[in-house]
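Below: the structure, in structure tokens.
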Amino acid sequence: MSKDGKWPWVFVLPTFLGVLVFYLWPLVKTLYDSFTETGPFGGATWVGIANYSQLVGDSQVYRAVVNTVVYTAIVLLGIPIAVLFASLLNRPGLKGAMVYRTLFFLPYVAMPTAISLVWRIIYNGEYGVLNQALGVFGIDGPSWITEPWFALIAVALLGLWMSIGFNLIVLSAGLKGIPGELYEAASLDGAGRSQQFRSITVPLLTPSIFFLSVITTIAGFQLFDQLFALLGPTNPVMPKTQSLVFLFYDAAFVGNERGYAAAVAVLILAVVGLLTLFQFRLQRRWVSYD
Amino acid sequence: MRIPSVLAGLTLAALALAGCGGNSGGAGDAKVPDDPAKVKGDLTYAIWDVNQQPAMQQIVKAFNQKYPDVKVSISLATFDQYFTKLKTQGSSNNLPDVFWMNGPNFQLFASNKQLATLDGLIGAKQVDPANYPKALDDLYTLDGKQYGVPKDYDTIALWYNKKLFADAKVAAPTADWTWNDYKAAAVKLKAALGSKGIWASGDNLGNQSDFYPAMLSNGGYVIKDGKSGYGDPKSIEALQFWSDMVKGGYTPTAAQNAETKSQDRFFDGKAAMMWNGNWVVSAALKSPYKNDFSVVPLPKAPNGGRKTVIHGIANVMSAKTKNPEAAAAFLAFLGGKDAALIQAKAGAANPAYTGTQTDFVNSAPQYNLKTYIEAAEQYSEPYPVSKDTGVWNQLETDDLIAAFGGTKPMSEVGPQVATKMDEALGKEK
């Protein structure tokens, strides 16, 4: 560092300033706010750990944690599904691979809110196309977005569907990195397609899979927009399906309790941080970087 | 590559959730413009209704004929996000110069010193509160000071679909109907049309449109002297009326309304009646069945009482506008007769300025809209609010509306809501 002088710092400065202003300062401010009682327009008074004791005693928080975990777990299922699709799409000689890739990736580039509004119409219990389709088979479909568990699963299935595209791109890149000779050698040794998949494809994809599971978990804990747009803020099911971020939104912008909202934000940060740390610890056992 | 993205993801959570700081200063008195030529500057005008945007643009145009050097840009946000956005802007001292305000949010903004009083404008006779219904002036007055210039007003009446009534061979509603007639008609309508997926009473069980008017008609109340009225026996009877309508399958449940907006049902010809405000007129005119609708006064409570709430939007000015003269000039113009007539002729909203409503009534002659004006003059009560109305409005949504049609009687639910609401009212500062 000493021999490079000050220039590296000058080049890093613009980015660093951005991180400082938009990432680190809000982090510190949120942490501070979580120890205050803050009104809708600011004006903070220090209240110590009162917000955190309220957090511990709030049954809605536990419900929100469970909902968020269930949602994240379902969306994580998108990774194995995407592994399967990615290896099918990357089979040599597949016709129209680009078309499939584009189709799978489309949901990822569309606006989540717009997609949610379309799915809101599809899921509609009285007039929705999903229940009309089920009706053809004589099934009387439920009211998808107003029954507690169905609503949560409806949101999670949407999240899963939307995640496939991104997963697919990352995994396709991972697949491209696997040398073709390995497959040739394997087939010379008499390994069939499924054994090649288990012994070569999956192990060599583990770094990508690990990356996706970390990213998906973080995104899962930030569940808000699909929930808000698909179910709607005045949906009577909301108290039973709300996520941690929804709880934050509710406290900050409906209940006008900014301090408590900040405490919820800190809780989310802590949970996500711990889960990520845990995943990094665990990766030594199953991720191969050879 | 990998670790920085994870860190970025982590901090992203914090970024999205970061609170905002900033303290509010003192509310400046609105200043009065003198010579129009001297008033200059840029203003932002925030509104939430896309249906009314063209009328607002016409008003800005008319304003610019008098004040050519003031540039007004209209900023539109959907209602769901409007107040969230304003609160965020307020905490960083970036409120728009002039903006729409509603009753439930007014006291929150005024008591937190976000709004300028009308002292200057009223003192100089450039805004005269006598031009607007008193209930609206009162709605936008806090601690003896008025902050809002009433823009429009709405009351509640009974909408019905003439064709569906004829199909079901049920006599059309009249001004003499009571709740019993309403329910009896619903029973017949359901029997005749229910199998076609048509609702008898497609009401949305909203506070303003459905249960506030019912509670007041029956002699109950929503809030009085800082106490909740949900435990009052008269209020409970009114709530039970709606709960029974849901239980009988005449009115959709809160869950069904969450999936399909009740007014969409009505305007799609899937419901025969609904209690609703005059803000739905422009939506009614866009319906393919627009000529099938008409309006009569709300049915009376069994005791003969009939009440509706009156609510209206007001135009307000930010306490911290950088251009108080231009903002005051614009606010005064918005409150004037010319602006009221532009709104009325466009059918955008029923203007608050006394004597200008005829043009609104005539903008849709087939709907008998004078019902709304008569309701305002003869049997309206102010929209119930407190300092932090949004908090107990949320209780109404979560605890009360969700319980309509459920197994618990309203004599049990009402007092529970009242207890929680009193608790919330006690926390207000």
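Evaluated at q = 0.17, 0.18 Å⁻¹, a Debye calculation over the C-alpha positions of the stretch B:188-268 (equal weights, vacuum) places log10 I(q)/I(0) at -0.71, -0.77.
Overall, the stretch B:206-296 carries a charge dipole of about 140 debye about its Cα centre when +1 sits on the Cβ of Lys and Arg and -1 on the Cβ of Asp and Glu, all other atoms neutral. Annotation for the B:A interface, with buried accessible surface near 3900 Å², both sides summed [1.4 Å probe; non-protein components not counted]. Diffusion of chain B by Stokes-Einstein, at 25 °C in a medium of 0.890 mPa s and with Rh set to the Kirkwood radius over alpha-carbon pairs, works out to 107 µm²/s. GNM on chain A, alpha-carbon springs under 10 angstrom: the most fluctuating residue among A:154, A:44, A:82 is A:44. Based on protein heavy atoms only, chain B ends up with 39 Å² per residue of surface accessible to a 1.4 Å probe. Legend: helices of chain B (whole DSSP H runs) are marked when their alpha-carbon atoms reach 18 angstrom or more along the helix axis and their mean Kyte-Doolittle hydropathy is at least -0.5; marked are B:2-17, B:179-193, B:233-247, B:410-427. Placing a pseudo-label 7 Å from each Cα along the Cα-to-Cβ vector at residue A:29 and residue B:80 gives an inter-label distance of 2.6 nm. Largest accessible area first, the residues B:44, A:216 order themselves as B:44, A:216 under a 1.4 Å probe with ligands, DNA and RNA left out. Solvent-accessible area per residue in the stretch A:181-290 equals 44 Å², computed with a 1.4 angstrom probe and all protein chains kept. Ligands, DNA and RNA excluded, the heavy atoms of residue A:197 present near 60 Å² of accessible surface to a 1.4 Å solvent probe.
The label point for residue A:62 and the one for residue B:261, both projected 7 Å from the Cα toward the Cβ, are 3.8 nm apart.
The coefficient of translational diffusion for the stretch B:69-175, derived via Stokes-Einstein from the alpha carbon Kirkwood radius under 10 °C and 1.306 mPa s, stands at 93 µm²/s. When shorter helices are ignored and each DSSP H run of at least 4 residues is given -39500 (n - 2.57), the per-residue value for chain B at 222 nm works out to -12500 deg cm²/dmol.
For the stretch B:135-140, 3J(HN,Hα) computed residue by residue from phi via the Karplus equation (6.51, -1.76, 1.60; θ = phi - 60°) reads 4, 7, 4, 5, 4, 9 Hz, glycine and proline entered as x. The count of lysine pairs in the stretch B:327-429 whose Cα atoms are under 22 Å apart, excluding pairs fewer than 8 places apart on the same chain, comes to 8.
Would you jot down the residues in the stretch B:80-96 that end up with at least 50 Å² less accessible area in the complete protein assembly than in the chain alone, with a 1.4 Å probe? Those are B:84, B:87, which lose 50 Å² or more relative to the chain on its own. Note on residue B:223: accessible area is roughly 40 Å² with a 1.4 Å probe, heavy atoms of protein only. Of all aspartates and glutamates in the structure, those lying under 18 Å Cα to Cα from residue B:169, and not within fewer than 8 positions of it along the same chain, are B:181, B:292. Counting only residues at least eight positions apart within a chain, or on another chain, the aspartates and glutamates with an alpha carbon under 18 Å from that of residue B:320 are B:29, B:42, B:97, B:119. When Rg and Dmax are taken over the Cα atoms of chain A, they come to 23.2, 77 Å. Taking amide H as placed 1.01 Å from N in the peptide plane, residue B:146 has its amide H under 5 Å from the amide H of B:118, each at least 5 places away in sequence or on another chain.
Taking all protein chains together and a probe of 1.4 Å, list A:126, B:396 from the most accessible to the least accessible.
Sorted by accessible area, descending: A:126, B:396.
Full extension of the chain between residue B:362 and residue B:42 gives 111.7 nm of extra length, using 0.36 nm per residue less the Cα-Cα distance.
Within chain A, the selection of entire DSSP H helices by a Cα span of 15 Å or greater along the long axis and an average Kyte-Doolittle value of at least -0.5 returns A:7-19, A:59-76, A:78-89, A:97-109, A:112-123, A:148-176, A:202-221, A:258-286. The order of A:274, A:130, B:239 by accessible area, most exposed first and with a 1.4 Å probe, is A:274, A:130, B:239. Computed from the C-beta positions of residue A:282 and residue B:93, the FRET efficiency with R₀ = 60 Å rounds to 0.80. Legend: residue pairs B:162/B:300; B:163/B:290; B:134/B:307, Cα-Cα distance threshold 18 Å; pairs beyond threshold, B:162/B:300. The base-10 log of I(q)/I(0) for the stretch A:205-290, evaluated at q = 0.22 Å⁻¹, reads -1.01 [Debye formula, identical scatterers on Cα atoms, solvent excluded]. Heavy-atom surface analysis with a 1.4 Å probe gives the protein assembly as shown a carbon and sulfur content of 61 percent of its accessible area. Between residue A:108 and residue A:21, full extension at 0.36 nm per residue minus the direct alpha carbon distance yields a gain of 28.5 nm.
Can you give me the Cα centroid spacing of the stretch A:239-266 and the stretch A:135-211 in angstrom? Cα centroid of the stretch A:239-266 versus Cα centroid of the stretch A:135-211: 33 Å apart. Highest GNM mean-square fluctuation among B:359, B:167, B:128, for chain B modelled with Cα contacts below 10 Å: B:167.
The Rg/Rh ratio for the protein assembly as shown, using Cα coordinates for both the radius of gyration and the Kirkwood hydrodynamic radius, is 1.02. Per residue of chain A, the DSSP helices (runs of n ≥ 4 H) give a summed -39500 (n - 2.57) that works out to -21500 deg cm²/dmol at 222 nm. Accessible area of residue B:63 (1.4 Å probe, protein heavy atoms only, ligands and nucleic acids ignored): about 0 Å².
Burial of accessible area (probe 1.4 Å, heavy atoms of protein chains only) in the stretch B:237-280, relative to its chain alone, reaches at least 30 Å² for B:255, B:258, B:259, B:260. Considering all alpha-carbon pairs of the stretch B:285-405, what whole percent are spaced by more than 17 angstrom? Summing the P(r) of the stretch B:285-405 above 17 Å gives 72 percent of all pairs.
The distance between label points at residue B:338 and residue B:196 comes to 5.0 nm (points 7 Å beyond Cα on the Cα→Cβ vector). Using a 1.4 angstrom probe on protein heavy atoms only, which residues from the stretch A:141-161 are buried by at least 30 Å² of accessible area when all chains are present rather than their own chain alone? Buried by the other chains: A:146. For a straight C-alpha distance cut-off of 17 angstrom, the aspartates and glutamates reachable from residue B:38 (same-chain residues fewer than eight places away being disregarded) are B:69, B:325.
The values are calculated or read from the model by the stated rules, or taken from the named source; none is laboratory data. No experiment lies behind these values; they were computed from the predicted model shown. Glycine also receives a Cβ, built like all others from the backbone with ideal geometry; neighbour counts cover every protein chain displayed. With ligands, DNA and RNA removed, areas are computed over all heavy atoms of the protein, side chains included. Shrake-Rupley method; radii C 1.70, N 1.55, O 1.52, S 1.80 Å.
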